[in-house]
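Quick note: the coordinates plus some simple rules give every number you see, no bench work behind them. Note that the structure is predicted; figures quoted are calculated from it, not measured. Glycine also receives a Cβ, built like all others from the backbone with ideal geometry; neighbour counts cover every protein chain displayed.
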6 protein chains.
Amino acid sequence: MMRGVVVTQVQRAAAADIDILRQCGSATVHEAQARLGLLAPYMRPIWPGAQIAGSAITVLVPPGDNWMIHVAIEQCQAGDVLLVAPTSECTDGYFGDLLATSAMARGVRGLVIDAGVRDVAVLKEMGFPVWSKVISAAGTVKETLGSVNVPVVCAGQWVNPGDVVVADDDGIAVVPVAQAGVVAQAARQRTDKENATRDVLATGTLGLDHYGMRERLAAKGLRYIESLDQL
Amino acid sequence: MMRGVVVTQVQRAAAADIDILRQCGSATVHEAQARLGLLAPYMRPIWPGAQIAGSAITVLVPPGDNWMIHVAIEQCQAGDVLLVAPTSECTDGYFGDLLATSAMARGVRGLVIDAGVRDVAVLKEMGFPVWSKVISAAGTVKETLGSVNVPVVCAGQWVNPGDVVVADDDGIAVVPVAQAGVVAQAARQRTDKENATRDVLATGTLGLDHYGMRERLAAKGLRYIESLDQL
Amino acid sequence: MMRGVVVTQVQRAAAADIDILRQCGSATVHEAQARLGLLAPYMRPIWPGAQIAGSAITVLVPPGDNWMIHVAIEQCQAGDVLLVAPTSECTDGYFGDLLATSAMARGVRGLVIDAGVRDVAVLKEMGFPVWSKVISAAGTVKETLGSVNVPVVCAGQWVNPGDVVVADDDGIAVVPVAQAGVVAQAARQRTDKENATRDVLATGTLGLDHYGMRERLAAKGLRYIESLDQL
Amino acid sequence: MMRGVVVTQVQRAAAADIDILRQCGSATVHEAQARLGLLAPYMRPIWPGAQIAGSAITVLVPPGDNWMIHVAIEQCQAGDVLLVAPTSECTDGYFGDLLATSAMARGVRGLVIDAGVRDVAVLKEMGFPVWSKVISAAGTVKETLGSVNVPVVCAGQWVNPGDVVVADDDGIAVVPVAQAGVVAQAARQRTDKENATRDVLATGTLGLDHYGMRERLAAKGLRYIESLDQL
Amino acid sequence: MMRGVVVTQVQRAAAADIDILRQCGSATVHEAQARLGLLAPYMRPIWPGAQIAGSAITVLVPPGDNWMIHVAIEQCQAGDVLLVAPTSECTDGYFGDLLATSAMARGVRGLVIDAGVRDVAVLKEMGFPVWSKVISAAGTVKETLGSVNVPVVCAGQWVNPGDVVVADDDGIAVVPVAQAGVVAQAARQRTDKENATRDVLATGTLGLDHYGMRERLAAKGLRYIESLDQL
Amino acid sequence: MMRGVVVTQVQRAAAADIDILRQCGSATVHEAQARLGLLAPYMRPIWPGAQIAGSAITVLVPPGDNWMIHVAIEQCQAGDVLLVAPTSECTDGYFGDLLATSAMARGVRGLVIDAGVRDVAVLKEMGFPVWSKVISAAGTVKETLGSVNVPVVCAGQWVNPGDVVVADDDGIAVVPVAQAGVVAQAARQRTDKENATRDVLATGTLGLDHYGMRERLAAKGLRYIESLDQL
């Protein structure tokens, strides 16, 4: 139903919201939306330290076939993030330094792919960030259609074109484009609060006290004993 | 039987023994106790190069619930290592930079967790070492009791509170507190011997000769041939 | 049928071909031989950045037993690569810094092992490259024979002694010794062509246009629409 | 955003369409919608031979917490299928014979759960079909809210409440409720065609001839040789 | 420290308690001890329908070496269960029909092995139950010592010799021998209560009402809405 | 190098040897060739109880593309076994009841596939045995060439066309065609010996005594103690 289609119009989030989401990071952003919206933790950065956010250009690809990524590049604008999901599980290296060259020429901020990537040493040199399931030298063919900018499931998460992808060393969170503003505000507040808390905890004040947990723990029945022999 | 309990007294190993074990490293320590005591190799450091040893403060946690880690921090002394085991398999990110701030404020040397960790870029900046099964931005709740300082199975290894945890880039070995002295001596001797052997092998002397293996190999029936056609 | 045998004569590829293959890297080399010859992507370097090629000295080892690696070292010449395959799945740490010392003394360029390796911090310091399935401190015994320089299956790939092993951050490709020259030429041509293409793509020219894909995509039925509502 | 919500109105597909989809089975149904809509193949039936279809009552559950399944049962009508997705990966046994008793009392046709199930011997005796990721005796708690009848990702597939779930020994396909009629017709046609083809192939007619593949294979360059020596 | 040892005296639980635990099954037994004591769910029966309980004769085995199982058979009494744990991960087939013949001759009730088993068609014919991590035809050697009747970690669970192993289609629970009586009583009460509940639920009474959950759900903030548009 | 080729001449083993190998089964056959020649244990039968042997018709397939299986059917003779290996990891369902109808029409004894299979309920009804990595309803395309009757690596094992494939509930062993006679004799002798041993062990004679293991165990240092306190 959704093969062989390229959707050319994508609603993107406001740049200011995207920037806040990037600064807050994937962990805080997912907390700010009720601990939902994370991709599976098997998705890992190919080099550490990158921290990006951008509107998703989604790509649905057949197993072992990267043709649609070439098609998708044309749909990218500066600031976008390519997000690639195979129609069935595949570990081949769909994306390498040539595609990255094209992507960077268009201002793409990075790639999230629920499959393999290759030329990782060059990608690191180029400073092009990638989060992938696997690193694999295995090449692909260009024979079968998929789609671009249709909703996809990527690493266990539903992603619509234009949704904000927030990726860093902790993983990847996705924010529906319609909620980017609200979530950005909630994430910023959460970050501010965590910064304040960090200062308190650094002095040695226990979380048990700072968060006022002792009473509720006691109510649940927590017991302090000196030795298991006391049980 | 062991839920909802915090044991406050922990027998720790001597600091001198802990230090020797740290220097010898996980591989040598596990060899020194009959090739036993290793956690499963899926446990990996979140950044390379850390090498620690310390007395275990054990934490038993429900899936997706990190409440007990807050409780455990209070039980930590300088030089301890937090060791966290879930009651059933879970990949959520139980521990982040706020808990690390508290842990460092108490002098905790690092974390070993058979589950997920997050804020890894910050933890690396802080210099707080963690060995985990997974890196995940997924947050947890605080609803259900576990226990602190009870015996746990962590990544396939039985650990008692106070046991010495030795962790480095190769993995994690655990030494029962009662045997810390004996194992430390055995490990040091092993290290000394390996250092001497390394010098010999570096000259090009073959292990076959240095270890005197040729005769036993021949007795087992090892044959040298020029080509498989000779079979 | 092939246990307990050490084959002492190995046909190696020409040094010049090996060097070209090393420069082209695993991804290009496997493309140059019809996208075949790759080891499984679970094989990962223990430190990033190494890029080697060399003739394989193959080692068949029982689970948890590294005796044959000691035997294999003697068969290595300068420029060779040790390639170790267990007879059944095993994650133990078969190889550490002492064996690496011996290997480097003989000019071995690196290790590919479909099992575990240890002492990885030291190996990195020594600059000895390893690609392995796992990192594990778990030691091994020396009780049961395997073989050296027999054909083996390593990480899903058939390898004969003397075949050229090409390993880098993308993974590991194997080239049959008889085809090293042909593949090296094909890989070099491919590399030259990719370099030219990279320059074109860097200017912003789309792959769709550079590779002339638009017509074939249309023939397959690709449709461009503004919104999914148009379906 | 979507925690703590129970949606009580669900649009269901026509019973006649559901019945056709059930008869056609998961493989044919997914073919009939462009080879899309399948759950991941790690989802397996706990006993062989069941073949069901029904409207999805979706349940979003926290790790290790089955409270929402109790809530969901009330939302089920005769003919529905419970479909349960955890907010993060979990293998606990969320569902057993007591919940199955309730589900059967309401006419639920089966359970699809991207987590664990238990009491499987009793479930088999009761004739209650379940497809799960794992079988596990591990129990769960009732502490944290999820949601009922919100869109979920289950085993890599996006599912809306009311979508038709088609499950058998091959796996599980999901059909959007709005397309149930169209897909049912396409699946029936496909089944009819396959039945006719089966009769032809059973006589020994080759698929190469029946499907007319020889010409296209030749055009792609397929060569028939007597031996590899001819290459 | 614990290699090369056979402990000949094992404290076993009372036969009556073992029998109650067997009838209650692994899920109920683990609930009766605070949802603890389960082996990992990757442990599966090689044929469905067996339901056993017995005192553990523990066996620690090296990877790929089944010598200690031969030693352990002699330590078994009628009603015991063999429980085998490798010192490092291994999938070889340690146990087949010959060992099963010996085990049945001594009245052993079954095998739990965190590794591979073979001859499974014959074992099924013989009616010998096995729970294993894998089925594998791969044979093992007899070269290296392990131990018999020492504490082991098996599939993530600490097991002492004599502990009661309860195994069925849901998995495997272990009860410390000292608590067999208490847990058996708790499990029986739980079973009785579940039987009564089952009768109630079969009439269509909802768990929400029977367990009185509605108020607590409301207190947590659960909202019922007709459509997501109401959010 | 080996894509796009169909080799039409295959040397097959003698029917009598194939029949002996079938009767002996995969475990005994692999023991008879030095515990080598087994496929990885993740390969499982889709229904229990089948026991086959036959000459391999090998099929190399791209990920998600089953075109070559159609080509391979024509190369099959009565008594052959189809053995399918993908060029990179794939879980799609390459083979279903239509292909099985063709295969049975030509007298093919079964399928071994290092990927997915579907229509498993029908295949079971038809009595067509399959060993696969996964069961998946996911369909494939027919776009890219592979090869037929070239050497392949299947589930970690090197297989040449014509090699004897021995498959049963324990797994799959492969015997090189040139050694079928020798291995068949060795396997038969092994089976005869095991039958005799089984009769002895059934009387309660311990393996320790029957195999004469006690002396060698003592020489290795095995100690019998009454309690661990004696250490």
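Overview of values
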read-out: Computed [θ] at 222 nm, helices only, for chain E once each DSSP H run of length n ≥ 4 contributes -39500 (n - 2.57); value: -9500 deg cm²/dmol
read-out: Kyte-Doolittle at least -1.0, axis length at least 15 Å by Cα - qualifying DSSP helices, chain A; value: A:15-32, A:180-202
read-out: Within chain C, percent of DSSP bridges classed antiparallel, to nearest 5; value: 45 percent
read-out: Nonlocal amide H pairs with D:Y224, under 5 Å, H built at 1.01 Å; value: F:V6
read-out: Net charge dipole size for segment F:28-130 [Lys, Arg +1 and Asp, Glu -1 on Cβ; Debye, nearest 20]; value: 260 debye
read-out: Extreme residue, positive dipole direction of segment F:100-231, given options F:A121, F:N149, F:L206 (C-beta unit charges); value: F:N149
read-out: Which of C:S147, A:S227 has the fewest Cβ neighbours within 10 Å, and the rest in rising order; value: A:S227, C:S147
read-out: Kirkwood hydrodynamic radius of segment E:90-148, Cα pairs, Å; value: 11.8 Å
read-out: Reciprocal mean inverse distance between Cα atoms of segment D:35-83 - Kirkwood radius, Å; value: 12.9 Å
read-out: Shortest-first nm distances, D:A219 label point to equivalent points in other copies (7 Å, Cα→Cβ); value: 0.8, 7.0, 7.2, 7.2, 7.4
read-out: Radius 14 Å from Cβ of E:R216, net charge of other residues (Lys, Arg +1; Asp, Glu -1); value: -2
read-out: Distance from segment F:146-185 to segment C:143-203 (C-alpha centre basis), Å; value: 26 Å
read-out: Label geometry 7 Å along the beta-carbon vector: E:Q230 inter-copy distances in nm; value: 3.8, 5.0, 7.3, 7.3, 8.5
read-out: Relative contact order, percent, segment F:32-167 [alpha-carbon distance under 8 Å, six or more residues apart]; value: 36 percent
read-out: Other copies of C:A15: label-to-label distances in nm, shortest first, labels 7 Å along the beta-carbon direction; value: 5.6, 5.6, 5.9, 7.9, 8.3
read-out: Share of pairwise Cα separations in the protein assembly as shown, more than 61 Å, in percent; value: 9 percent
read-out: Charge dipole magnitude, Cβ of K and R +1, D and E -1 - the protein assembly as shown, Cα centre, debye nearest 20; value: 0 debye
read-out: DSSP-defined beta bridges in the protein assembly as shown - what % are antiparallel, rounded to 5; value: 45 percent
read-out: Environment charge at A:E89 (Cβ cut-off 13 Å; Lys +1, Arg +1, Asp -1, Glu -1); value: -2
read-out: Only Lys, Arg (+1) and Asp, Glu (-1) charged, at Cβ; segment C:71-188 dipole about Cα centre in debye; value: 180 debye
read-out: For chain A, the spread of Cα positions along each principal axis, largest first, Å; value: 69, 43, 39
read-out: Summed residue charge, Cβ within 11 Å of A:A167's Cβ, Lys/Arg positive, Asp/Glu negative; value: 0
